[in-house]
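*Asks:* Mind having a look at this structure? Questions to follow.
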Amino acid sequence: MSTKIKEHEQSGTDVIREVCRVRSTRPYKGRGLSRIETADRRRNPNCAEPIGKEQTHVSALPPDYVAGFIDGEGSFSVCINRQKTTRSGIEIRPEFAIELRADDREILERIMVTVGCGKLYDCLYERYGWFPHVKYRISSYKLLVNYLIPFLDQHPLQVKKAETYRLFREIVLMVYRKEHLTTKGLKRIVELRKQIRKFGKKQKMGTARIRENRSSGGVRRNT
């Protein structure tokens with residue numbers, strides 16, 4: 001085996017080790033389900049089913065207003081997991097979300113209509129003594145590429161989150177173009193994830209999550 005091939009394999013091994021330190025999603029009880037998929041199937045039965053823009057009857061908002069709202073309350077996250085069921089053995093899951101208290105639901109419905117895609121999910125935090133929340137979420141690569149990215153490119157973010165979005169955007173487009181299937185591409189994505197992580201409040205978290213979306217909901221009930 002040539003030195004070049006050995007170096008290539010070693011580089012790939014280093015990337016896999018880096019991903020292993022991030023997160024591992026093992027199949028749930030042999031059913032081929034990741035922990036994330038299992039969690040989705042275990043949604044709280046007290047929560048309503050997610051809804052899309054077709055199920056709402058609200059008007060759109062001015063796009064620049066929505067961009068400003070995302071600047072303040074939006075969340076861009078990227079999870080990199082080991083996943084045996086994928087071709088590369090790696091699963092890269094991007095997510096855009098805004099989470100607010102449930103009494104602010106209408107604003108998220110109108111943002112969803114303005115952007116043109118995504119779904120709203122009910123979130124219950126009773127064990128923390130919090131009021132119910134609602135989350136607007138987009139995680140599909142197709143929807144991110146065809147709706148969210150064009151929207152934010154046309155109506156740019158203005159503050160710190162603009163840099164987070166730039167990194168998030170590059171990761172989404174790289175995976176959409178299948179560049180993550182190469183060692184070079186995967187290394188680049190891992191590096192971008194590290195840069196996103198620097199903008200988060202919890203820099204020791206295993207995933208590159210920018211958890212700023214609970215700012216209006218982390219209020220305990222009065223007892």
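Read the figures in this text as sums done on the coordinates, not as results from a lab. Not measured: the values here are computed from a predicted model. Cβ sites come from the backbone with ideal geometry, for glycine too, and all protein chains shown count toward neighbours.
*Asks:* What is the distance, in nm, between label points placed 7 Å from the Cα along the Cα-to-Cβ direction at Tyr65 and at Ala102?
*Replies:* 2.5 nm
*Asks:* While we're here: Fewest first, what order do Thr182, Thr114, Thr164, Thr56 take by the number of other Cβ atoms within 10 Å? Mind showing how you got there, number by number?
*Replies:* On the way: Thr182 13, Thr114 20, Thr164 24, Thr56 16.
The order, fewest Cβ neighbours first, is Thr182, Thr56, Thr114, Thr164.
*Asks:* Going highest first, how would you order 62-70, 130-138 by mean Cβ packing within 10 Å?
*Replies:* On the way: 62-70: 16.6, 130-138: 19.9.
Highest-to-lowest ranking by the protection proxy: 130-138, 62-70.
*Asks:* Arrange the following residues from fewest to most other Cβ atoms within 10 Å of their Cβ: Arg197, Arg101. Mind showing how you got there, number by number?
*Replies:* Values: Arg197 22, Arg101 17.
Neighbour counts put them in this order, fewest first: Arg101, Arg197.
*Asks:* If you don't mind, another one. What distance in nm separates the simple spin-label points at Val58 and Gln195, each placed 7 Å from Cα in the Cβ direction?
*Replies:* Roughly 3.4 nm, to one decimal.
*Asks:* Rounded to whole Hz and in sequence order, give me ³J(HN,Hα) for the range 64-75 from the Karplus expression 6.51 cos²θ - 1.76 cosθ + 1.60, θ = phi - 60°, writing x for Gly and Pro.
*Replies:* 5, 5, 5, 4, x, 5, 5, 3, x, 10, x, 9
*Asks:* 5 Å is the cut-off here: which amide hydrogens, built 1.01 Å from N in the peptide plane, fall below it relative to Leu61, excluding neighbours closer than 5 in sequence?
*Replies:* Close amide H contacts, sequence-distant or interchain: Thr114.
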